[in-house]
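So the structure is just underneath, and the comments pick up after that.
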Amino acid sequence: MLYLMKKMLRDLWNMKVQFIAVFLMSLFAIFLYAGLEGVWYGMLDYGEEWLEESNTADAWVQGHGIKEEDVQKINGLSGVENVQAVSSLTGEMSYGEKHSNVLLMASNVNEISMPETVQGESYLPKGDGIWLYEEFSKEHRIRPGDVIRIEYGGREVELEVQGTLLSPEYLSYTGTPSSLMPDHLQYGYGYISLDSMQRLTGAVPEYNQIKIRYESLKDDNEETSERFAEDKKAIRSGAEEELGAAYAAYFERSDFKGISDFTDKFRQLRSMTVLFSAVLILLAMLTMQTTMKRMIEIQRSQIGTLKALGYQNWKIRLHYLLYGFWVSLLGGIAGLFAAPPTISEALLSLQKKFYSVPEWRVRNSIISYVILAGVVLLCSATALWASRRGTQGMPVFTMREEPPKKRGKIFAERFTGFWNMLSYEWKWTLRATAQNKARMIIGIIGIAGSTALLMDSVGLYDSLNYVNERLYGTQFDYGARISLKAEATEEDREELYERTNGDVQWVQENSVDIRTSKSRSNAVIQIYGDGYFIHLEDADGNRVALSNEGAAVSEKLAKELNVRENDALQLRIAGQNSYMTVKVEHIVSVAAPQGVFLSSAFWEMSGGTFRPNVLFTREASTSKDAEKLSYVNESTTLAEQLEQADEATSSVLVVIIMLMAGAFLLSTIILYNLGILSFTERSREYATLKVIGYRDREIKSFIRHDNMLQLFAGLLMGVPAGHFLLGVHIGLASTGTFAYTPYLRLPSLGLILTAICALTFLVNASVSRKALTLNMVEALKSVE
Amino acid sequence: MEYLNFQNVKRTYQTGNDEVRALCGVSFDIKEKQFAVILGPSGSGKSTLLNLLGGMDRSDGGQIVMDGMDITGFSGAKLTDYRRTDVGFVFQFYNLIPTLNAYENVNMAARIGRNPFEAAEMMKAVGLEKRMKHFPAEMSGGELQRVAIARALVKNPKILLCDEPTGALDSETGKMILSLLKRMSREYGKTVVIVTHNAAIAPAADKVIRLKDGKIEGIQVNDNPISMEQVVW
């Protein structure tokens, strides 16, 4: 086997271009998978660990005026292991002429969702002072020992900063439901004692939240899982029943924004990882198959000689299997090592802009190694399969050149008129394709795969931008959005209105508990007063007007609730005592928010009271003026929101660029590899043409026709495949808050097609050059 | 000056650190319409000589003049034109395009000739009018070589060069091919140069040039060459 090993090394060197292609494909497939997995698995792994260690709540009940006995009742529900009641409110901290909103939380105990102290003293629920959100403190340059002033309802307290911390409930903290990006200057949270809260409010604090820990499953089997699911439903209903009028909403981890935004992100990254890696691995195998097949063809006589010398078939096949094994193994290992310090770290640093955890890890699961093993196994198997045919039969036949394949008319020849119109170049190309379908198919798959990947990556970028532009420009086209604090009065509203030029629209926005006969969910409800700053559209792009007949429901929510037009929904807004039944009149296609939309007229007709807490104005400048008003919670312009949304989109830009680069590299490798293989196969034919007297450009024309057929067929397959891939990907990328629509701009598609064509022609030119510098004498040397 | 003139032609190949002197100053000439045979054992330089004559390779010294044209200094493009219009080449292993049928293989050459014959006419001349639509994979060795001859001649070249045209054929078929070549050379008035190691056909040639180790060993002119049918293989 020593000499076979030497032979292998020399063969790898002689066909280095092709084997480098396989090496690179394996490297890139593993690099991409391991790189992306390193991020999302690190997030998942550490996230789960932290949530477990901090005993993070499994569910939250929101309400108002919750009493101690209510808390105990909920603690007594079957399936509840422990509860912790919290009193929370949003205070203001001034800095310069502006103020930040600080969510203050107070509790008697620290048993559930225990925050992690970063600096200073460990958090004590009954301790004096305040423990501030670490990122907020950094942004304001606040350190332990500093004293800050918090205002609420006209009252003010000074609190010494005891320490800084991170809450496991706010892996992502944006401050308001409408914000997409954290703004650590504007929004923060802090933990204080109930006494401090009483000093701030001037009244005994009331609980408005109960954190719940479920009992853990003792036996993880289907029966106990089913019972557990039933228990969770019962806890929810039980909590609602026990709290009565005090009940507002119920969240599980999957819809608690501070946690779900984090989990949605790693799910998004995970889906990208799987999708793209699968395509790359397939293409690595195809490249290996074509390379090995060609090598076996060239080495027929060598194989025959080895057989004649007495080498067993299994040894010869093992010898060829090792080509696939070593090349893919080395490529895969290189990818596995290269990924964590490069792509993983780059992506991870992007995630730090959006999420706050005590520790960031790049971590790969065993799946990365399994994928590597899979790639190696597949490439080895492909090499083995290619060698199977070459080693079959008696040595005497193997040593001879493979006899020419039997021929019949190809399909196109049956159409005589059409066939006779074709040039020799096309006839040659079509017949050669029919004779070597595998190579043509692989070339077509290569182009189709690259086109699909490019459409997916560019489409992802276009889709995210499209959604942002549609949301902040079409769906909403106000100049400014001003949201009021919960305690804002009618006088405050009137005063705010006076500050505008009258071109406004009042909106009531709340979280809402939704029930149907089949399901239950939390979402957002928006009730619109008279105005024209919101434009809803159905799935076909037709404008939908909110009428007095029913409500509009977002597409994503409708799917989640399993409702259609004319179905009924029961709605309970926070603070309401009972559910209100409304008819679903329209299903609308909106990116955000996911919820229910009604006109104020319909709302009041149905028995509700219109209490607007958001004002849309035409003038963007109103936002700046409104910022300083004491009853204003948040004031922003449409342009600022769009900017924020675009910045949120930028987190995937690195991945998109990487995928585009990968798609280009992939298509270059495959096309060049196939071009070289095709050239090698036909070198005698090209040499013959040269001898006959064909000029360079005439020979190039033959080569070009071959590529054109491959290109055309590849694009024909690739465009619908790309459309499909983009649709699947966008579906996976959508989160609980945002629903993305697959979208690829026509100029983007044009650019992609042009790029693929240009690449094909470049590769063609490179291969053509080989044909033109072909040594006729060498190429046509007689073969025994 | 004769129709074809080789004057002190040299060709050396570099293989690694070694030098292979394929031709060491070869000089000979061939008249127009002559049926010439270049004889020599394996490694004597006969294929090299044919490749130089066919414009497929360049010499390292000397002069090659064909019909008054000194092709020694031709550029790549000029050599292509030379092969296109003035040379017809027949290979030992035919080198037909497998994905084109017999007629198409011949017509491929006809369409680029300056003053070509009709492809169908040439197919008939070589006795393959009934096999025009067949592909190389469906034809015997003799038929393949006849197609190759038709392809070489259809361009109406000045000279027909054949590199071991019977090397892959049995004796009967080989004789048939050589007879065809001789007949075509007479009928179409072409100068034919055949390279072979088979000395048996020497008496059938108008001129025999013997090569050994890259040098001319001897030149023989047959005033009364025998017919190919009389050749004892």
How large is the helix-only mean residue ellipticity at 222 nm for chain A, computed as the sum of -39500 (n - 2.57) over DSSP H runs with n ≥ 4, divided by its residue count, in deg cm²/dmol to the nearest 500? -17500 deg cm²/dmol
Between the range A:617-673 and the range A:724-751, what is the C-alpha centre distance in whole Å? 15 Å
Per residue of B:77-86, how many C-beta atoms from partner chains lie within 10 Å of its own C-beta, taken as a mean? 3
Please report the relative contact order for the range A:546-669, taking Cα pairs under 8 Å with a sequence separation of at least 6, and give it as a percent rounded to a whole number. 23 percent
With charges only on Cβ, +1 for K and R and -1 for D and E, what is the dipole size of chain A about its Cα centre, in debye, rounded to 20? 7300 debye
For the range A:165-176, 3J(HN,Hα) per residue [Karplus equation, 6.51 cos²θ - 1.76 cosθ + 1.60, θ = phi - 60°, Hz, x = Gly/Pro]: 8, 10, 9, x, 7, 10, 4, 10, 10, 9, x, 10
Of all lysine pairs in the range A:475-637 that are eight or more residues apart or on different chains, those with Cα atoms under 21 Å apart total 7
Using a Förster radius of 25 Å, what is the FRET efficiency between A:ILE20 and A:GLU681 based on their Cβ-Cβ separation? Nearest 0.05, please. 0.80
Which FRET efficiency value, to the nearest 0.05, is calculated for A:SER254 and A:GLU359 with the Förster distance at 30 angstrom and r the Cβ-Cβ distance? 0.80
Mean Cβ neighbour count within 10 Å, used as a protection proxy, ranking A:460-468, A:208-216 highest first: A:460-468, A:208-216
Counting only residues 5 or more places away or on other chains, whose amide H sits under 5 Å from the amide H of A:SER179 once H atoms are built in the peptide plane? none
For the protein assembly as shown, percent of DSSP beta bridges that are antiparallel (nearest 5) comes out at 70 percent
How large is ³J(HN,Hα), in whole Hz, for each residue of the range A:746-763 in order, when computed from phi with the Karplus curve 6.51 cos²θ - 1.76 cosθ + 1.60 and θ = phi - 60°, using x for Gly and Pro? 4, x, 5, 4, x, 5, 4, 5, 5, 5, 5, 5, 4, 4, 4, 5, 5, 4
Based on the Cβ-Cβ distance from B:ALA77 to A:ASN420, what FRET efficiency comes out when R0 is 30 Å, to the nearest 0.05? 0.40
Peptide-level mean, for A:426-432, of C-beta atoms on other protein chains within 10 Å: 3
Given Cα pairs under 8 Å that are at least 6 residues apart, what percent is the relative contact order of chain B? 27 percent
Helix A:653-681: inclination vs chain A longest Cα principal axis, degrees, rounded to 10, gives 10 degrees
Which residues does the label zone of B:GLN230 cover in the range B:193-211, counting backbone N under 18 Å from a point 7 Å along Cα→Cβ? B:199-208
Measuring from centroid to centroid over Cα atoms, what is the spacing of the range A:151-217 and the range B:172-219 in Å? 104 Å
Multiply the residue separation of A:GLU215 and A:LEU746 by 0.36 nm, subtract the distance between their alpha-carbon atoms, and state the gained length in nm to one decimal. 185.8 nm
Largest to smallest principal axis extent of the C-alpha atoms in the range A:475-637, angstrom: 46, 37, 24
Is there a quick way to get the dipole size of the range A:57-252? I mean about its Cα centre, with the Cβ of Lys and Arg at +1 and of Asp and Glu at -1; what is the value in debye to the nearest 20? 560 debye
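Rule-based calculations on the coordinates, nothing more; no lab input. Computed from a prediction, not measured in an experiment: that's the story for all the values here. No Cβ is skipped: glycine too gets one built from the backbone with ideal geometry, and neighbour counts run over all protein chains shown.
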